[in-house]
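The values are calculated or read from the model by the stated rules, or taken from the named source; none is laboratory data. These figures come from a predicted structure and were not determined experimentally. For neighbour counting, all protein chains shown are included, and Cβ atoms are generated from backbone atoms with ideal geometry for every residue, glycine included. For accessibility, only protein heavy atoms count, side chains too; no ligands or nucleic acids. Shrake-Rupley method; radii C 1.70, N 1.55, O 1.52, S 1.80 Å.
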Amino acid sequence: MSSYIPYGKQNINQQDIDAVIDVLKSDWLTQGPMIERFEQAVAAYCQVSYAVAVSSATAALHIACLAIALGKDDLLWTSPITFVASANCGLYCGATVDFVDIDPRTYNLSVEQLEAKLKQGKIPKVVIPVHLAGQSCEMEQVYNLAKVYNFKIIEDASHAIGGEYQNHKIGGCQYSDMAVFSFHPVKIITTGEGGIITTNDRELYEKLIRLRTHGITRNPGLMTEESHGGWYYQQLELGYNYRMTDIQAALGCSQMDRLDEFVTRRRFLAERYNRSLQNLPITLPFQNEMSNSSWHLYIIRLQLDKIEKGHRQVFEALRKSEIGVNVHYIPVHTQPYYQTLGFKRGDFPNSELYYGSAISLPLYYDLSEEKQDYVINSLRKVLK
Ligand SMILES: *Cc1c(COP(=O)(O)O)cnc(C)c1O
């Protein structure tokens, strides 16, 4: 087999293409009626009161932090095993970022470590649990700690649309103030670039709506003086242009129709990996019984004491076989920029240990069983 197998990839069908073309032929290109439809589709799916679509999950995390007034005297805690955006959003707001080490079984932020860190006395304004690979963090436990220690919770659910926790769709915000999804093409559904914030809190919702367009309102009820006329708007705070276009939202609506089909296929392929990769010197993804993952990623850990090759050698051998394996993620605190902020190697040992042996295998809607077998057999050969 010669064609390259990526680790993740979007699926665009004719319905998706037609939805986009319809918008291109209409009067509205930027934020308009399709945005509202997309937001309603996501809110209905997640059984949450509000959804605010924006230009990326990074933008979503940024304005979610602003909406809770995260600022320069505040602390944000997240997991080191995430994309840098989960931490950078705190720095955009001038806050101080710190990390909570991972649970060595799920690779999500550890609730035990979170509790131990809270007991040391410094209390964050917000904790951002990341649902790595689509498996939910232990949200009820995080929420119980939030009630005792009084911090906010923003779920970075970038991997997790379509996933469930305690039989509720992730994004329903039962145990959080807000949740964020990403629609980058490698994620579960795509809008090209895009993100959304869900919340049940009306006040947060109204702030988010303003923050994505410069902090501007046209609602007379919120203005500091009477309207000057039909043209009048007021800027109430400092916001941004984080709008999603209607072109993207149309793609999003069409992809939402297909979400369950995408997740069903991902679960099927993950099960197939689970069955086929037994008895190899690797650790398969552990699944918490409260969670039903959306399977954005299928992450294995090499049991390096049982393999003659190193992590990098295995990775490179698979890449040589045209298998686009990847590593998610480089611990954020080891990035040079975060090292300038005072973090050191060794600060979060479970995350660093994880990084030394984790490999993401290809997993996406279009992955054929034939190609998956090729991945399985190649891995088997490499580990021999
Ligand atoms: C992809 C991703 C983001 C950022 O998403 P964008 O839409 O690309 O801005 C943030 N957090 C995690 C965990 C991600 O995987």
5 angstrom amide H check on Tyr298, placed H, neighbours 5+ away: Leu361
Pairwise FRET efficiency - Gln166 versus Glu115, Cβ, R0 = 22 Å, nearest 0.05: 0.65
Part-to-part distance (alpha-carbon centres) for region 254-282 and region 211-248, which is given in Å: 43
Magnitude of the charge dipole, the chain, Cβ model with Lys/Arg +1 and Asp/Glu -1, debye to 20: 1140
Burial ranking of peptide ranges 320-330, 87-97 (average Cβ count within 10 Å, highest at the top): 87-97, 320-330
Accessible surface of the chain [probe 1.4 Å, protein heavy atoms]: carbon and sulfur percent: 49
Convex hull projection area averaged over all views, the chain, Cα basis, nm²: 20.4
Helix-derived mean residue ellipticity, 222 nm - over the chain, DSSP H n ≥ 4, -39500 (n - 2.57), to 500: -11500 deg cm²/dmol
Computed FRET value (nearest 0.05) for Lys309 with Glu289, which takes r as the C-beta separation and R₀ as 45 Å: 0.85
Computed lengthening from Val84 to Leu238, 0.36 nm per intervening residue step minus Cα-Cα distance: 53.1 nm
HN-Hα J in Hz across region 321-336 - Karplus 6.51, -1.76, 1.60, θ = phi - 60°, x for Gly and Pro: 7, 6, 10, x, 4, 9, 10, 10, 9, 5, x, 4, 5, 8, 5, x
About the Cα centre, charge dipole magnitude for region 175-253 (Lys/Arg +1, Asp/Glu -1 at Cβ), debye: 240
Under 5 Å, built H, 5+ apart or other chain: amide partners of Phe83: none
Bridge type composition, the chain - antiparallel percent by DSSP, nearest 5: 65
Solvent-accessible heavy-atom area per residue, rounded to whole Å², over the chain at 1.4 Å: 44
Karplus 3J(HN,Hα) series, Hz, for region 211-228 with 6.51 cos²θ - 1.76 cosθ + 1.60 (x for Gly, Pro): 5, 7, 10, 6, x, 8, 10, 10, 8, x, x, 9, 7, 7, 8, 5, 4, 7
Straight-distance crosslink candidates among lysines, where the alpha carbon sits under 26 Å from Lys125 and sequence neighbours closer than 8 are dropped: Lys72, Lys117, Lys147, Lys152, Lys169, Lys207, Lys344
Scaled radius of gyration (Cα, divided by 2.2 N^0.38 Å) that region 224-335 gives: 1.78
Placed amide H near Ile282: partners under 5 Å, 5+ positions off or other chain: Gln303
